[in-house]
Amino acid sequence: MIIIKSDQEIAVMRQAGRIVATVLEVLKSQVRAGMKTKELDVIAARELDRLGAKPSFKGYRGFPANLCVSVNDEIVHGIPGERVLDEGDIVSLDLGAIFMGFQGDAALTIGVGKISPQARRLMETAEGALGAGIAAAYPGARLGDISAAIQNYVESRGYSVVREYTGHGIGREMHEEPQIPNFGLPGSGPLLKKGVALALEPMVCAGDWRTRVGDDHWTVVTADGGLSAHFEHTIAITDAAPEVLTAV
Ligand code: MG
């Protein structure tokens with residue numbers, strides 16, 4: 001069942017979302033070659049605490065960190081640790097926060113120093129796909145319209161969308177109904193209504209979309225070793241244009 005949020009609940013989600021966006025901005029400003037990915041986790045924990053929020057991910061099904069850090073062929077759910085970032089890497093940062101009982105969830109991919117034109121275009125495509133999905137999120141549209149908008153944007157630029165992981169409804173729980181595949185048919189699925197809150201998150205691969213999970217049982221990588229990028233926003237369906245809740 002899709003939970004419809006009241007205006008008051010969306011107002012709290014707006015605060016949770018702003019916290020996520022604020023912390024991601026800090027993290028973006030700190031990413032540099034030579035740092036360990038666990039340093040980003042320390043910053044995320046400190047900033048969430050400073051803003052009065054709790055991390056959504058830490059302890060979720062046993063996830064050991066505050067932040068997901070996924071580098072190059074890693075798509076999502078990378079565990080920050082001893083890995084040292086190199087010039088030319090692309091790094092996906094995914095962060096969830098809980099504030100006054102509500103969740104915010106967002107992700108972005110950033111380059112470390114100078115990156116290749118191919119990596120740049122992949123990142124631009126993932127960000128553009130998120131924008132295309134948001135632009136389809138109007139009352140009266142169907143969930144499949146969002147999925148199809150993301151898929152069409154990505155595939156028209158020669159990339160693939162991950163099939164095995166999806167966006168999701170969000171509210172008091174990080175993962176609520178519905179699941180939001182990044183592929184699908186326009187006009188299909190549940191109707192979008194004011195008060196529906198969704199985390200849209202295209203995961204885009206330079207090569208094939210097939211994935212596997214690493215030895216740590218968390219990190220999802222591309223099966224073909226190609227690069228991947230990930231962008232996510234938490235949004236709310238309104239009477240008119242969708243509201244991005246994880247905007248700074
Ligand atoms: Mg998410």
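Inspection of the stretch 206-217 identifies no residue that is under 18 Å from L143 (Cα atoms) and touching a helix residue (DSSP H, G or I) at 6+ places or on another chain (Cβ under 7 Å).
Could you tell me which of the residues R212, R172 is loosely packed, with under 14 Cβ neighbours inside 10 Å and either away from the ligand (no atom under 12 Å from the Cβ) or within 13 Å of the chain's Cα centre (by Cα) (or both)?
One residue alone meets the criteria, R212.
Scanning the stretch 107-129 for residues that are assigned to a helix (DSSP H, G or I), open to solvent by less than 10 Å² (accessible area, probe 1.4 Å) and out of contact with any Pro (no Cβ under 9 Å at 6 or more places or on another chain) turns up A119, L122. Cβ separations smaller than 8 Å between residues 6+ apart or across chains give the following pairs from the stretch 103-115 residues that are closer than 23 Å to E243 by Cα to residues that are more than 16 Å from the ligand (Cβ to nearest atom) and in a strand (DSSP E or B): T109/I90; T109/V91. Just one residue in the set G78, G96, G104, G34 is outside any helix (DSSP H, G or I) and surrounded by fewer than 20 Cβ atoms within 10 Å (Cβ to Cβ); that residue is G34. Contact annotation: residue pairs with Cβ atoms under 6 Å, 6 or more positions apart or on different chains, pairing a residue in the stretch 225-238 that is open to solvent by 10 Å² or more (accessible area, probe 1.4 Å) with a partner that is away from the ligand (no atom under 15 Å from the Cβ) and assigned to a loop (DSSP other than H, G, I, E, B), are G225/D73; G226/A206; G226/G207; L227/N72; L227/A206; T238/K194. Is it the case, given these coordinates, that R163 is of a type in the set (K, R), over 15 Å from the mean Cα position of the chain (by Cα) and either away from the ligand (no atom under 13 Å from the Cβ) or under 16 Å from I2 (Cα atoms) (or both)? Spelling it out, it is not the case that R163 is of a type in the set (K, R), over 15 Å from the mean Cα position of the chain (by Cα) and either away from the ligand (no atom under 13 Å from the Cβ) or under 16 Å from I2 (Cα atoms) (or both).
The values are calculated or read from the model by the stated rules, or taken from the named source; none is laboratory data. Source: prediction; values computed, not measured. Neighbour counts are summed over all protein chains in view; Cβ atoms, including those assigned to glycine, are modelled from backbone coordinates with ideal geometry. Only protein heavy atoms, including side chains, enter the accessible area calculation; ligands, DNA and RNA are left aside. Shrake-Rupley method; radii C 1.70, N 1.55, O 1.52, S 1.80 Å.
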